[in-house]
Structure formats: structure tokens, C-alpha cells
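Here's the structure we're looking at; comments come further down.
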């Protein structure tokens with residue numbers, strides 16, 4: 001196989017496209033963030049990276065909290081709008097038709113249209129260059145009840161989540177397996193089917 005050297009760059013993909021809400025129930029903003037991810041399991045910590053010149057940067061820094069709202073492929077237009085419009089001169093909640101819902105443990109709103117929201121408190125801000133990384137404790141989570149089964153399991157694969165890759169949006173595809181499926185013992189019924 002032949003490989004092409006590309007040099008260092010932000011080529012990790014796909015990434016989740018998420019909407020970050022900040023502010024309070026009266027005055028809030030929404031921004032699109034693709035530089036996000038889980039940083040730790042216990043305690044649950046995530047990171048978002050935001051350019052200091054973004055309108056929401058100071059709001060998050062001052063309040064010390066924000067929500068991360070997962071989005072569906074049906075929300076792609078709104079996600080893009082929240083990434084290209086500024087909250088300095090646009091009410092993005094109104095522009096996108098989003099509804100604010102009171103979060104459980106923090107003052108910023110949850111976006112009601114989101115299938116899953118993580119409520120976060122900033123623990124540290126790390127300047128990195130073009131972006132500062134906000135490391136935050138996940139203090140609560142809420143999910144749209146449509147994605148909960150009768151046993152209380154979250155089924156986000158039914159939501160049609162949106163992903164971001166090098167300036168393009170994609171809908172996540174079909175399920176290929178569960179964690180650990182490659183080493184799980186096969187049931188005798190599976191063995192019979194292969195014969």
C-alpha cells in the first residue's frame with residue numbers, strides 16, 4: 001500500500017458536531033463546536049476547544065458552565081447556522097427555532113431539540129494556540145425519552161446523529177457491533193447458522 005505524507009494537522013475525523021449552549025435562561029447563546037471529546041471516565045470529564053475571539057468564549061469563561069447538546073442529521077442546517085452566525089448580533093435560539101429547557105444542575109439552558117444533553121462545569125481552561133480548551137466536569141445528563149427503551153437503555157443509534165469531517169457534515173450510519181463483540185464467545189445457534 002502506498003501512503004502520502006500530509007504533515008501535522010487536524011485530520012482526526014469524523015468528529016461529533018455538537019451545539020454548546022451558554023449563558024442563562026434569559027440571555028443565552030448557542031455555538032457549534034467540533035473540537036470536543038471525552039477526556040476522562042471517572043470523574044466524567046469532557047473538553048471543548050473554543051477560539052478566544054468567539055462571542056461565547058467570555059460567556060463560558062465568566063459563568064464557568066455550559067451544556068453540550070448532541071444533534072441529529074435533521075438539524076444540520078441549524079448546526080451550520082450556529083457555526084457561521086455570531087451571537088453578538090443574532091439570537092440563534094430564535095433563528096433556529098430552538099426551545100430552551102431548564103437544566104438540572106446548572107444555570108445554562110438545555111436545547112430541547114437535542115437527543116442528549118451533557119451539563120458541564122468548567123474545571124480548567126488551557127490556552128493552546130488558536131483555541132483554548134475548556135476541561136469540564138459532566139455534572140448531569142438528560143435524554144429525549146424517545147431514545148430510551150423499556151429497560152432504561154439509551155438508544156442514540158435511532159437518533160441519526162450528525163458527524164463533522166473536514167468541513168462537511170455526515171449522518172452516522174448503521175450499527176456494526178457492540179463493544180467487545182470481536183472477542184465475545186459465539187452462541188451455539190450462531191455456530192449452527194454457519195454450517
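Here the simple spin-label model places points 7 Å from the Cα toward Cβ, and for residue 74 and residue 26 these points are separated by 3.4 nm.
Taking 121, 184, 174 as the candidate residues, the one with maximal mean-square fluctuation in a Gaussian network model of the chain, Cα springs under 10 Å, is 184. When 99, 131 are sorted by how many other C-beta atoms sit within 10 angstrom of their C-beta, beginning with the fewest, the order is 99, 131. If you plug the beta carbon distance of residue 58 and residue 178 into 1/(1 + (r/R0)^6) with R0 = 41 Å, you get a FRET efficiency near 0.45.
For the range 87-101 versus the range 11-57, the spacing of their alpha-carbon centroids is 17 Å.
Quick one: what do you get for the range 46-160 if you divide its Cα Rg by 2.2 N^0.38 Å? Please report the intermediate quantities before stating the final value.
Values: Rg = 14.8 Å, N = 115, 2.2 N^0.38 = 13.4 Å.
Against the compact-globule rule of thumb, the ratio is 1.11.
For the chain, what does the relative contact order come out to in percent, with C-alpha contacts under 8 Å and a separation of six or more? If you can, show how the numbers build up before the last one.
Values: 355 pairs, mean separation 44.3, N = 195.
Computed over the chain, the figure is 23 percent.
Between residue 1 and residue 95, the contour length at 0.36 nm per residue exceeds the Cα-Cα span by 29.0 nm.
Arrange the following residues from fewest to most other Cβ atoms within 10 Å of their Cβ: 139, 33.
On the way: 139 16, 33 26.
The most exposed by this proxy come first: 139, 33.
Determine how many Å³ per residue the convex hull of the Cα atoms of the range 1-82 encloses.
Numbers: hull volume 13.8 nm³, N = 82.
Looking at the range 1-82, the number lands at 168 Å³ per residue.
Here the residues 10, 4, 67, 32, ranked from fewest to most Cβ neighbours within 10 Å of their Cβ, fall in the order 4, 10, 32, 67.
GNM on the chain, alpha-carbon springs under 10 angstrom: the most fluctuating residue among 49, 145, 73 is 145. Of the residues 168, 58, 78, the one that moves most in a GNM of the chain with alpha-carbon contacts below 10 Å is 168.
Label-to-label distance, residue 51 versus residue 13, with points set 7 angstrom from Cα along the beta-carbon direction: 1.8 nm. In whole angstrom, the range 128-171 maps to an equivalent ellipsoid with semi-axes of 28, 19, 6, each derived as √(5λ) from the alpha carbon gyration tensor and ordered largest first. Only helices enter the 222 nm calculation for the chain: every DSSP H run of n ≥ 4 contributes -39,500 (n - 2.57), and dividing by all residues gives -4000 deg cm²/dmol, rounded to 500. If R0 equals 45 Å, the separation of the Cβ atoms of residue 102 and residue 186 corresponds to a calculated FRET efficiency of about 0.40.
Readers should treat all values here as calculations from the given coordinates under stated rules, not as data from a laboratory. Since this is a predicted model, take the numbers as computed values, not measurements. Because the Cβ atoms are built from the backbone with ideal geometry, glycine has one as well, and the counts that use them run over all protein chains shown.
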